[in-house]
Amino acid sequence: MLFRIPQVLSPEDLTQISDVLAIAEFVDGKLTAGWHAKAVKNNQQLKSVLPEAKDLKRKVRSALLRNPLFQAAVRPRTIHTLLFSRYDTGMSYGRHTDNAMMGGHDFHRSDVSFTLFLNDPSEYEGGELVIEGADAEQAYKLEAGMAIAYPSSSLHRVEPVTSGSRMVAVGWVQSLVRQPDKREILFDLETSRRSLFAQHGKSDEFDLISKSLSNLLRMWAD
Ligand code: NI
């Protein structure tokens, strides 16, 4: 499943992040691409050794980890890789799939990829994130502060930016639950029990769904 996650960042967070990114040093995005993705990746990335990059990563990571929808949809074990990307006019990222394992000597699996939009869609033309499904593809260009989370197993691309600059944070998560279909079952149960609770409080049905949810998570988490 794909999830749009609204209001990951507040307007204040966005202003603070944009102010830092406006003056920070960026490098060629090819430096962090796999050998096959290098051929189609054309963007700029915040130089990750900068102290300000570490601060921004901390801010984005903690905003995502305290977001209830992100928690329920993704079940993050760790957000192991996080990059700030800028696509100036003429830049794009062609069709590719993300590496299954990331992180140098200390490998993590990428189960879920996300893009967190950092500037308003009115500030640039083009730059849609296009994710391919089995049958059709879907384009996303979300408002600032919103994120899209999708299975890392998909083929996807970023369309050329034809004017302005597109600013995003992109990241990869190792989930507690490796398989998307299992995460979907847990998400549906979580949604159902919340809705039941809102209607009838802590009923017998709520208790049984909570028990099933816990027991499935116990069986499936790794
Ligand atoms: Ni990608």
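The values are calculated or read from the model by the stated rules, or taken from the named source; none is laboratory data. The structure presented is a predicted model; accordingly, all values stated were derived computationally and were not measured. To get the accessible areas, we keep the full protein, side chains included, count just its heavy atoms, and leave off ligands, DNA and RNA. Shrake-Rupley method; radii C 1.70, N 1.55, O 1.52, S 1.80 Å.
Observations on the model:
- In degrees, nearest ten, helix 180-200 long axis to first principal axis of the chain (Cα): 60 degrees
- Per residue, the range 32-100 exposes 48 Å² of solvent-accessible protein surface, assessed with a 1.4 angstrom probe and all protein chains in place.
- q = 0.14, 0.16 Å⁻¹: log10 I(q)/I(0) that the Debye formula gives for the range 180-220, counting C-alpha atoms only: -0.29, -0.37
- Share of carbon and sulfur in the accessible area of the range 180-220 stands at 57%, probe radius 1.4 Å.
- The rule of thumb for compact globular proteins, 2.2 N^0.38 Å, goes into the C-alpha radius of gyration of the chain 1.07 times.
- Once you divide the Cα radius of gyration of the range 1-104 by 2.2 N^0.38 Å, the number left is 1.15.
- Of LYS30/LYS57; LYS57/LYS141; LYS59/LYS182; LYS41/LYS182, pairs whose Cα-Cα distance is over 24 Å: LYS59/LYS182; LYS41/LYS182
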